[in-house]
Amino acid sequence: MVDTTSPATVSGKRASTKAANRRAILQAGRQVFARIGYEATTVRDIIRETQLASGTFYNYFKSKEEVFHAIAEDSTHRFRDRLVDVRARAESLEDYMEHAYRAYFGFISRENEEAIASGAPHIALIGVRVDTPEMQAVAQEIRADLEHILAKQGIKPSVDTEYLTAAAIGIAREMGDYMLKRRPVDVEGATRFACTLLLSGLEALGAQR
């Protein structure tokens with residue numbers, strides 16, 4: 001028989017409850033931000049979406065801004081895992097961009113499925129404008145990937161990889177927002193357009209072997 005009063009058991013239950021409460025708040029935040037938008041959302045709106053008391057909410061977050069940042073970090077962390085597969089599959093710059101854009105557009109489409117199904121008029125990846133440490137790490141990984149692939153293909157070093165990374169991410173963010181407004185959400189169409197735009201721009205800049 002398990003001793004439910006032992007310190008280890010009590011500590012384990014407490015940790016499990018904390019994790020569950022935090023997940024509930026983040027899920028509520030996702031739903032409310034998607035439904036009525038970040039600016040209109042209040043802490044009270046988020047709390048109402050949960051079964052938690054106000055005091056419980058403030059044990060985890062001080063404001064809606066903190067919830068927003070936490071959602072951004074969580075989403076970026078989960079997308080970062082997908083970049084590992086993109087990196088493993090890419091044989092060329094074209095491969096990398098295609099796989100990366102498809103992974104990103106597919107990810108934000110799945111992240112917003114519930115809001116899309118409910119008919120929300122404007123949906124975007126939660127936290128996409130937040131510059132979090134996790135997002136900075138993703139940007140650094142993408143830049144390293146691009147530098148590796150460009151060198152592997154023998155593309156001349158005059159390509160500014162800092163600008164290239166910023167452009168690649170900027171295209172993804174802006175197009176992702178607009179893709180999610182459209183019905184139906186067209187992941188493949190967005191992927192083709194983004195790849196063509198970026199690669200054509202590199203060609204115009206004279207990025208060649």
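The values are calculated or read from the model by the stated rules, or taken from the named source; none is laboratory data. All values derive from a computational prediction rather than experimental measurement. Note: ideal-geometry Cβ built from the backbone for every residue, glycine included; neighbour counts use all protein chains shown. For the accessible areas, the whole protein counts, side chains as well, though only heavy atoms, and no ligand, DNA or RNA atoms are used. Shrake-Rupley method; radii C 1.70, N 1.55, O 1.52, S 1.80 Å.
A few points about this structure:
- Simple Cβ-charge dipole of the chain, Lys/Arg +1 and Asp/Glu -1, about Cα centre, in debye nearest 20: 640 debye
- The count of lysine pairs in the chain with alpha-carbon distances below 27 Å, taking only pairs 8 or more places apart or on different chains, stands at 5.
- Other residues lying with their Cβ under 13 Å from the Cβ of H77 contribute a combined charge of -3, Lys and Arg counting +1, Asp and Glu -1.
- For segment 68-116, the list of GluC sites (Glu not before Pro) that fall in a loop by DSSP and count at most 12 other C-beta atoms within 10 angstrom reads E91.
- Protein heavy-atom accessible surface, 1.4 Å probe, per residue over the chain: 57 Å².
- Cα-based helix-to-principal-axis angle, 187-204 vs the chain, degrees rounded to 10: 40 degrees
- Rolling a 1.4 angstrom probe over the chain with all protein chains present gives an accessible area of which 54% lies on carbon and sulfur atoms.
- Length-normalised contact order of the chain in % [C-alpha pairs under 8 Å, at least 6 apart]: 21 percent
- Residue with peak Gaussian network fluctuation, the chain [Cα springs, cutoff 10 Å], from A168, A19, A115: A19
- Using a probe of 1.4 Å, the accessible surface attributed to T132 totals some 0 Å² when neighbouring protein chains are kept in position.
- Helix 133-152 axis, angle to the chain major axis (alpha carbon atoms, nearest 10°): 20 degrees
- Mean separation of Cα contacts under 8 Å (6+ apart) over length of segment 129-209, as relative contact order %: 36 percent
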